[in-house]
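Coordinate-derived values only; no laboratory data. Model, not experiment: these values are computed from the prediction. Cβ: placed from backbone, ideal geometry, glycine included. Neighbour counts: every protein chain shown.
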Amino acid sequence: MSYTHIIVTRQDNYAILQINRPDVLNALNIKLMEELVAALEVLDDDDAVHCIILTGNEKAFAAGADIKEMADASAMEMLKRDQFARWDRIRKIKKPIIAAVSGFALGGGCELAMTCDMVIASETAKFGQPEINIGVMPGAGGTQRLTRAVGKAKAMEMVLTGRLISADEALRWGLINKVVPVEYYLEEAKVWAKEIASKAPVAIRLAKESVLKAFDTTIEGGLEFERKNFYLLFSSEDQKEGMKAFVGKRKPEWKGK
Ligand code: HXC
């Protein structure tokens, strides 16, 4: 498939999806998001891909939704476009997604990083929800995912002041997983992707699904969900292989079923 605003590359058993509108700091317009979501779904359906890296460039992961595309829209137009509903499809992707962030991850860019499962950032990364500075507020999960990730006080600080935070702050606040020098952020994400891609795919899928369940269920419902997924894995060949390999003191060979 050919895309205008993204570049998809496959490497061994993982894939890299690069946002590519460098002239506008990777601002997320409708076409780009259409491509991004469609590409994620293609990769999700491909058994050869076990993990996905979502990245931008050194200067920007994404500086937010495309302000020029929204500036003159009426509320009714925004409602009809319902462009942010498309983002819900990212939540349905079953393969793990690692965001490799350098430079600006602002507004929709920060929200996009937060829809990923893990975030590796360069020391130069800046995260923020600056929508308040242009007379609006986060619209693609910023008030919800950010609050769950960093708690009410920090989420209020970011959303109400529009202040940007450094990669180190984001790490301390629990928004991201690791900070590395700018030369290595993509390499580090590849190391993580390779490690995750080397595990049993069905176990990875159900484990991701179970962790995400924690965000929209009671503890009782979540524990039940987790337990059922755990039991379900005992119907997979990989569970038999993994446990036999442990007992036989050898490396497991996964079949993905
Ligand atoms: C459209 C954008 C853009 C954006 C940058 N550009 N961000 N275009 N939408 N979100 C464009 C600029 O217009 C400019 O184009 C070029 O990218 C370079 O940007 P500069 O401002 O010249 O760069 P710099 O001085 O380095 O400042 C970087 C910046 C600033 C601090 C990131 O660009 C900025 O504040 N951007 C907006 C950030 C923001 O408010 N994001 C939230 C958007 S609302 P030209 O043609 O002039 O060279 C949002 C809602 C989310 O995300 C809802 C759900 C998705």
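Observations on the structure shown:
- All other residues whose Cβ lies under 13 angstrom from that of K240 are scored, Lys and Arg at +1 and Asp and Glu at -1, for a net of -1.
- Compactness relative to 2.2 N^0.38 Å, alpha carbon Rg of the stretch 11-50: 1.33
- Principal axis box of the chain, alpha-carbon based, largest edge first, Å: 63, 42, 38
- Cβ-derived FRET efficiency at R0 51 Å, K244 paired with K80, nearest 0.05: 0.35
- Computed over the Cα atoms of the stretch 169-215, pair by distinct pair, the Kirkwood hydrodynamic radius stands at 12.6 angstrom.
- Averaging 1/r over every pair of different alpha carbons in the stretch 1-146 and inverting the result gives a Kirkwood radius of 15.3 Å.
- For the chain, modelled as a GNM whose springs connect Cα atoms under 10 angstrom apart, the maximal fluctuation among E123, E35, E237 occurs at E237.
- The K152 and A48 beta-carbon pair, evaluated with R₀ = 41 Å, returns a calculated FRET efficiency of approximately 0.45.
- Degrees, to the nearest 10: 201-213 long Cα axis against longest axis of the chain: 50 degrees
- Ellipticity estimate at 222 nm from DSSP helix runs (n ≥ 4, -39,500 (n - 2.57)) divided over the chain, nearest 500: -13000 deg cm²/dmol
- Compared with the dominant principal axis of the Cα atoms in the chain, helix 185-197 is inclined by about 30°.
- Rounded tilt (10° steps) of 30-44 against the dominant C-alpha axis of the chain: 0 degrees
- Set K31/K190; K178/K255; K126/K190 screened for pairs whose C-alpha atoms are more than 23 Å apart: K31/K190; K178/K255
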